[in-house]
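Student: Let me give you the structure first, and then I'll get to my questions.
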Amino acid sequence: MNTREYTFQSLFGSTFEFEDNSITLSKIEIPIIQRDYAQGRKNDEVKRIRERFLDALFQSIVGNKHITLDFVYGDVSKDGVLTPLDGQQRLTTLFLLHWYIAKKENGGVKNYEFLNSFSYATRFSSRDFCQELVKYSPDFSDEKLSVAIKDQAWYPYEWKNDPTIQSMMVMIDAIHNKFDNHFGLWESLVTNKIISFYFLPLTEMGLTDDLYIKMNSRGKPLTPFEHFKAEFEEIIKHISEKLSKEINHKFDIDWTDMLFPFRGDNNIIDDEFMRYFHFISDIITYKSGLELERDEFKVARLLYSNENDKAKDNIMYLINSFDCWHKLDILNFFEDIFSKNAYQSGKVKIYQDDLNIFKECLDNYGEYSGRNRRFPLNKMLLLYSIITYLQNKESISEAQFHKRIRIIRNLIWNSTDEIRDDRMKTLLNESETIILSGEIPISESGELGYNVRQKEEERKKIEWLNDNAEKDDELYHLEDHSLLKGCVSIVDLNNSSNFKKFRLLFNNCNKDLINRILLTIGDYSQFISWRFQLGARYNESVWFDIFHPTKQRSGFEDTFKILNDLLSNLEESNINDEFIEKCIDAYLENKETPKEWSYYFIKYNPMRQGNFGMYYWKSLANRNYDVIMMNTEKSIGGKNWNIFLYTLNQLPEFSGKLSLGDYAYQGDKLKIKSTDYEIECQNDKYVVSQNELQTEYPIQQIEGIDKVDRIERGKQIIYELLEQINN
């Protein structure tokens, strides 16, 4: 094609040869077939396009840097009138920009008389507005030129209904806001020909008006995706013409075919494509150590333009990240590697119903629910690991991938504190290493990757599997348990018979019974800052927490020992509620059982009613009987009670006769209703107060351990007091 470069001014008076005839272009007229001028519309998407376009023009003019805009093409009639069929929006903005700078710098009429040759045929009002605007010279001290224009005698009220005029007014104000404080712009714009574009007469392109109408019917603007696609291909063209053509082909065929089954309710794939584009681009951004950018046009220039030294590598990674899904049976692929909420041999449990992480990305990436990502970073790492495999399938067997994606799952689930934006570069690199080699990266001092403890566990499991390959399914079944989710540190790897016992115990047995039987063996509680935690009756997250070692807790080793002692002493056939209850009853009935605090926890149901298994001892050095049961997780100011007074208050024989406050400072005094009596439970005695009179009731002890059941002792005291009151 015979293309030539023009500026807005130089296009007027240019000569074109058609069928041996020479035609001079004398006028630009936007045809009726075209839609209204749109770059001044007020919605957010158009505002973003407008600001980006003006930014580019501003940088070019003020910085005196040449810029070439996209192609303009249209029909040039025999009388020299150009009817643009593509480029109308750019030409109109250039018309307004030339008008603004000419008027602002008081250029002579002869210098800008070419502006009289630009017009609209869409409406008479649009045509007349362009004519009047060229005549008009505004007061540039006004903040908004549009307000002054509307006050002119030549501006009729009815023009408010012309969308082209209203859009032009918005653009005029935007230009004024951008260029108001800058001068000497006419020389850069016109004399230096700083802004240009390529123009082709329509006949040279072999297109017809009918074909154009089919391409873009009047009133139907290009979608944001189509705008992006056009600009993105242009950016790639500066890196490689071949890659630009390849991407264009893939946009229209391969990637459309691949994404179409996942289209949204609008029956198009624009949003799905853009979400996945952002996903891959964010991966590149993280790995490059750059700041994330949400505007896709800025992303395109940041990563894929000649402004980035690694642009070609980034483009290839983007292409491969789309291509790896093409011709793949995506639904079956995910069903082959993942399971939902039940263990399936050969699959990895991900604890959710929708296994298709790729579709989840297409639907949710970049979206937020409040402050939370709808496609969070942990799923980003999981999907990135899958993509890494798909791009390297020739060197990774399916069996290897299944083992490695399991490791990734384990690390992700057990690195909740580590998975955050500032660690993503290392996390992505570690994920890639695991998928490509199967090796767990060793963390250097200060390195910000996956959880160090979990990486050490994964290495131990690899070594264990090397010696126990036939037991891999037993280990994987244990890993997938909902209370472990990949971290099996709580179960002894050297005693694999405990693997199944753990599953049977926590799948089949009442959690309150498990709590009690563990306490018959020893104190398995863990210490957190200033409070202790045991398992909870209904709250499984409590068990999950105490089964996962962290720096914030101490006592994990005791939990490990006591749990594994229990598992080792249980037979698989006896792991049921009935057997466990018999063991507990035998413990309580044994006269040799010391009446330590744990004895009471095991015996009395009210002492285990806290939602989080949290307890506070006033004396941490000597965990005696001065203990508060917390009904909150982290605050001693919530609903908390002295466990012995709370238990007495809950006894049915005292129903309606006693009262106990909700909070710690109230929950340490049991009151007899309608009296002045208050009862306190101290380490070695009960204290009964009546106004200023106090009476102590000692609890028999040997070396600080109760010799008698203090709940029974408390009942005896309350019966005596009630009898005194009634008499």
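The values are calculated or read from the model by the stated rules, or taken from the named source; none is laboratory data. These numbers were taken from a predicted model, which means no experiment stands behind them. All Cβ positions, even for glycine, are placed from backbone atoms using ideal geometry, and neighbour counts span all protein chains on display.
Student: Collect the residues in segment 575-626 that are at pLDDT below 95 and assigned to a helix (DSSP H, G or I), keeping them in residue-number order.
Tutor: The answer is none; no residue qualifies.
Student: On to the next question. Working only within segment 513-534, note down all residues that are part of a loop (DSSP other than H, G, I, E, B), of a type outside the set (Phe, Trp, Tyr) and either farther than 13 Å from SER598 by Cβ or at pLDDT below 95 (or both).
Tutor: Within segment 513-534, just SER529 meets the criteria.
Student: Report, ordered by the first and then the second residue, all pairs with beta carbons closer than 8 Å, sequence separation of six or more or different chains, a first member in segment 250-267 that is within 20 Å of ASN320 (Cβ to Cβ), and a second member that is hydroxyl-bearing (Ser, Thr, Tyr) and in a helix (DSSP H, G or I).
Tutor: Every condition considered, the pairs that remain are LEU259/TYR276.
Student: Continuing with this model, one more query. Taking the conditions exactly as written (out of contact with any strand residue (DSSP E or B) (no Cβ under 8 Å at 6 or more places or on another chain), outside any loop (DSSP other than H, G, I, E, B) and either among the polar types (S, T, N, Q) or farther than 20 Å from GLN454 by Cα (or both)), does LYS359 satisfy them or not?
Tutor: Judged against the criteria, LYS359 is a match.
Student: State yes or no: is LEU331 under 25 Å from the mean Cα position of the chain (by Cα) and buried (at least 16 other Cβ atoms within 10 Å of the Cβ)?
Tutor: Taking the combined requirement at face value, the residue does not satisfy it.
Student: Something else: Looking at segment 693-706, is at least one residue out of contact with any strand residue (DSSP E or B) (no Cβ under 7 Å at 6 or more places or on another chain), of a type in the set (A, V, I, L, M, F, W, C) and under 22 Å from GLU592 (Cα atoms)?
Tutor: Checked segment 693-706: at least one residue is out of contact with any strand residue (DSSP E or B) (no Cβ under 7 Å at 6 or more places or on another chain), of a type in the set (A, V, I, L, M, F, W, C) and under 22 Å from GLU592 (Cα atoms).
Student: On the basis of being among the aromatic types (Phe, Trp, Tyr) and within 28 Å of ILE514 (Cα to Cα), does PHE601 make the cut?
Tutor: Yes.
Student: One residue is enough: does segment 132-148 have a residue meeting the conditions hydrophobic (A, V, I, L, M, F, W, C), within 23 Å of ARG90 (Cβ to Cβ) and either surrounded by fewer than 18 Cβ atoms within 10 Å (Cβ to Cβ) or not assigned by TED's automatic domain parsing to the domain that holds GLN89 (or both)?
Tutor: No, segment 132-148 has no match at all.
Student: When you scan segment 588-604, do you find a residue that is of a type outside the set (Gly, Ala, Ser), buried (at least 19 other Cβ atoms within 10 Å of the Cβ) and closer than 17 Å to SER489 by Cβ, even just one?
Tutor: no
Student: I'd like the full set of residues that are surrounded by fewer than 18 Cβ atoms within 10 Å (Cβ to Cβ), within 19 Å of ILE67 (Cβ to Cβ) and modelled with pLDDT of 90 or more, limited to segment 10-52.
Tutor: Matches in segment 10-52: SER10 only.
Student: Please specify each residue of segment 634-671 satisfying the condition of being of a type in the set (Asp, Glu) and modelled with pLDDT of 90 or more.
Tutor: GLU653
Student: Here is a list of conditions, (1) out of contact with any Gly (no Cβ under 9 Å at 6 or more places or on another chain); (2) more than 19 Å from PRO606 (Cα to Cα); (3) in a helix (DSSP H, G or I), and ASP473 meets all of them except one; can you say which number that is?
Tutor: It fails just one condition, (1).
Student: Just wondering, is there one or more residues in segment 67-81 that are under 42 Å from the mean Cα position of the chain (by Cα), in a helix (DSSP H, G or I) and not basic (Lys, Arg)?
Tutor: no
Student: Follow-up question, since we're still on this one. Could you grab me the full set of residues in segment 331-356 that are on the phi < 0 side of the Ramachandran plot, among the aromatic types (Phe, Trp, Tyr) and part of a loop (DSSP other than H, G, I, E, B)?
Tutor: Listed by number, the list holds a single entry, TYR343.
Student: If you check every pair at least six apart or on different chains, which have Cβ atoms under 9 Å apart with a residue in segment 341-363 that is surrounded by fewer than 16 Cβ atoms within 10 Å (Cβ to Cβ) first and a residue that is of a type in the set (Val, Ile, Thr) second?
Tutor: GLY346/ILE337
Student: Filter segment 26-73 for residues that are out of contact with any strand residue (DSSP E or B) (no Cβ under 7 Å at 6 or more places or on another chain) and aromatic (Phe, Trp, Tyr); which is farthest from PHE16 (Cα to Cα)?
Tutor: Filtering segment 26-73 for residues that are out of contact with any strand residue (DSSP E or B) (no Cβ under 7 Å at 6 or more places or on another chain) and aromatic (Phe, Trp, Tyr), the one farthest from PHE16 (Cα to Cα) comes out as PHE58.
Student: When you scan segment 708-727, how many residues do you find that are within 58 Å of the chain's Cα centre (by Cα) and surrounded by 13 or more Cβ atoms within 10 Å (Cβ to Cβ)?
Tutor: Total satisfying the criteria: 7.
Student: Sticking with this structure for a sec: Does TYR317 meet the test of being assigned to a loop (DSSP other than H, G, I, E, B) and in contact (Cβ under 8 Å) with a residue 24 or more places away in the chain?
Tutor: No, not satisfied.
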